[in-house]
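Here is the structure we will look at, set down as structure tokens.
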């Protein structure tokens, strides 16, 4: 026993402990085997951002529906990021669209034109809107005549009429006093349109029809249509 005690120095004891730990630790690590560290071996919140390899998180690693709007930076998504044909009308945009339609409808002024008179009726104003004036008359022989005039200088006026003789095209510009006749008939039926635009922004379009009133014994002149001002 005395011999053993003499050999139990501090250095001998520490060396023996060190050898034991090395051999025991290696044996324990070998017993764990390769790739045996699992979820249970990880301390909660142990893996932080610094421990993640760059670009290590791929699409397949993200659970479906895991990312919501709160995880996306405001204003970061553009049209290129969206599948546009899968998006319906956004509620606010739909409301704006309805408002625009209502506003546009409110800016249009509709006018009806109806001129039905017997032969011998002198020239009569049938429309006066937005700077465009239409006048019609019915001669003693039952011939209808309609002409257009602008009350605003340097306006654009075009009048087209179609019958069995073809189409007549009016002036490309019009000043007060410039008259464009676009209906001179008796014919069974004639139709056409008048398009008018003034420098002040007034735009008027007229769709019209002209005919002889029946029966033939009456032979009234008829000019009717609708005008829209925008």
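Of the residues 206, 194, 184, only one is touching a strand residue (DSSP E or B) at 6+ places or on another chain (Cβ under 8 Å), within 16 Å of residue 136 (Cα to Cα) and modelled with pLDDT under 90; which? First the steps, then the outcome.
Values: 206 fails: modelled with pLDDT under 90; 194 fails: modelled with pLDDT under 90.
On inspection, the qualifying residue turns out to be 184.
Suppose the filter is at pLDDT 80 or above and either over 21 Å from residue 111 (Cα atoms) or touching a helix residue (DSSP H, G or I) at 6+ places or on another chain (Cβ under 7 Å) (or both); does residue 199 pass it?
Yes, satisfied.
Would you check if residue 153 is surrounded by fewer than 15 Cβ atoms within 10 Å (Cβ to Cβ) and at pLDDT 90 or above?
Answer is yes for this residue.
The values are calculated or read from the model by the stated rules, or taken from the named source; none is laboratory data. Computed from a predicted structure; not experimentally measured. Glycine also receives a Cβ, built like all others from the backbone with ideal geometry; neighbour counts cover every protein chain displayed.
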